[in-house]
Structures are given as structure tokens and as C-alpha cells.
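Following: one structure in C-alpha cells, then a few remarks.
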Amino acid sequence: KDDVDFSTGSVGLGVAVTGFASLIQDYVHAKGWGRNWPKGRMIAHFRLFERAGALYLQLPRERLEPVINRLRMFVLRAQATLEDASDELARIGIAGACAESLLPTVPAADPGSVRHAPPVTVIRLPGDRPRFELLGPPDALRAIWEGSRPTAQPAGADFWPLLDIRAG
């Protein structure tokens, strides 16, 4: 419930996330909690986005529980809760020249821009071609997936990491 300004429609956190991670690292070391951790060790790499007034962290499932447990140590007096939303949201990726025409809404041109078309959240990803990640209830994403079949070609999960590599 702490205030966060999303008036731009984009969570422009590129440098801020690095700064936040550095502050967390310094805090953990100052408290003596990370004595056995090598200095500079990253605990998790994640995407942070806003959806329906809440902040979401997107990270690999195997890191979810350790990261939530670690972040709970920093909530303290904040009016915030940390919970796993994996069962509520599904995600699909759409990339290529026709991608924008298949979306329920198109985010701004900046990578990381977020736009909502309830119940779906669309995030523009960096890359050498238009690339988007859609998050929402499984039924809503299934409808988008089915609607894209005449125009788009399914590529499978192995293609997405290639696009990540090309994006830098």
C-alpha cells in the first residue's frame, strides 16, 4: 500500500533495479546476514512490473521461494505482502513483424513499457524485432493464442532464449 508513481504507464527501473540490488546487498552485509556470501553475489535476476495496482516480480520458479523469504526480511513496517501469484497468472510471448497486430493493447516503444487491457498485461521486451510478453489469467491468454493462429507461427520455448541473446 506504499505509494508508487506509475503515471508514465511504464516502470522505468533499469538503473533503479541495479541500485536497489546494491542497497539490499549493502544492508544485508551491514546487518551481518550475508557473512558467508561472496561479496557482490546476486541472489536473483527478475523483472519487476505493475499490474492492477500491485507490483509483481517475475523470476525463475526455482528461485521463487528463496527470494520471497529473503524479501520478507525487508518488509518490516511497510504495508506490503509478498505472495506467490504463479497459479493466478500465465504468460505467453509474441514476437515478430505481426506481433503488435495480435495484442489487445500495445505498450510504448521503450523496452520495459507496460500496458494493460484487463485482464491482460503486456510488456514490451528489448530485441531486434518487436517482442512482447503477455501475462494474465490462462483463459484470457488462451483466447489471444487461439486468435493469433491464422497469422502467427508457434515457435516453442527454445526460440525465446535465442531472442533474449539477440536482445543483449
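The values are calculated or read from the model by the stated rules, or taken from the named source; none is laboratory data. Keep in mind it's a predicted model, so treat the numbers as computed, not measured. With ideal geometry, Cβ positions are generated from the backbone for all residues, glycine too; neighbour counts draw on all protein chains shown. Note: accessible area is taken over every heavy atom of the protein model, side chains too, but ligands, DNA and RNA are not part of it. Shrake-Rupley method; radii C 1.70, N 1.55, O 1.52, S 1.80 Å.
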- List every residue pair whose Cβ atoms sit under 8 Å apart, with the two residues 6 or more apart in sequence or on different chains, where the first one lies in the stretch 68-79 and is closer than 21 Å to GLN58 by Cβ and the second, anywhere, is among the hydroxyl-bearing types (Ser, Thr, Tyr) and assigned to a helix (DSSP H, G or I). PHE74/TYR27
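Within the stretch 91-118, count every residue that is in contact with an Asp or Glu (Cβ under 9 Å, 6 or more places away or on another chain) and either open to solvent by 70 Å² or more (accessible area, probe 1.4 Å) or not β-branched (Val, Ile, Thr) (or both).
Selection size over the stretch 91-118: 3.
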- Within the stretch 113-131, residues assigned to a strand (DSSP E or B) and touching a residue at least 24 places away in the same chain (Cβ under 8 Å) come out as SER113, VAL114, ARG115, HIS116, VAL120, THR121, ILE123, ARG131
- Task: Name, by its number, the condition in (1) at pLDDT 95 or above; (2) in a helix (DSSP H, G or I); (3) within 24 Å of ASP158 (Cβ to Cβ) that does not hold for LEU134.
- Result: (2)
- Query: Taking the stated definitions as given, is GLN79 at negative phi and either modelled with pLDDT under 65 or surrounded by 15 or more Cβ atoms within 10 Å (Cβ to Cβ) (or both)?
  - Reply: no
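Does ASP110 satisfy being acidic (Asp, Glu) and part of a loop (DSSP other than H, G, I, E, B)? If you could, list the steps in order and put the result at the bottom.
On the way: acidic (Asp, Glu): yes; part of a loop (DSSP other than H, G, I, E, B): yes.
The answer is yes for ASP110.
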- Query: Is one or more of the residues making up the stretch 125-136 touching a Ser or Thr at 6+ places or on another chain (Cβ under 9 Å), closer than 24 Å to ALA167 by Cβ and of a type in the set (Phe, Trp, Tyr)?
  - Reply: no
- Message: I'm trying to understand the selection: among the residues of the stretch 119-162, which are of a type in the set (D, E, K, R), open to solvent by 70 Å² or more (accessible area, probe 1.4 Å) and either in contact with a strand residue (DSSP E or B) (Cβ under 7 Å, 6 or more places away or on another chain) or under 17 Å from CYS98 (Cα atoms) (or both)?
- Response: ASP128, ARG129, GLU146, ARG149
- Message: Taking the conditions exactly as written (in contact with a helix residue (DSSP H, G or I) (Cβ under 7 Å, 6 or more places away or on another chain) and modelled with pLDDT of 95 or more), does PRO107 satisfy them or not?
- Response: no
- Message: Regarding the stretch 73-86, can at least one residue be identified that is touching a helix residue (DSSP H, G or I) at 6+ places or on another chain (Cβ under 9 Å) and hydroxyl-bearing (Ser, Thr, Tyr)?
- Response: yes
- Message: Yes or no: the stretch 143-162 includes at least one residue that is more than 18 Å from LEU55 (Cα to Cα) and basic (Lys, Arg).
- Response: yes
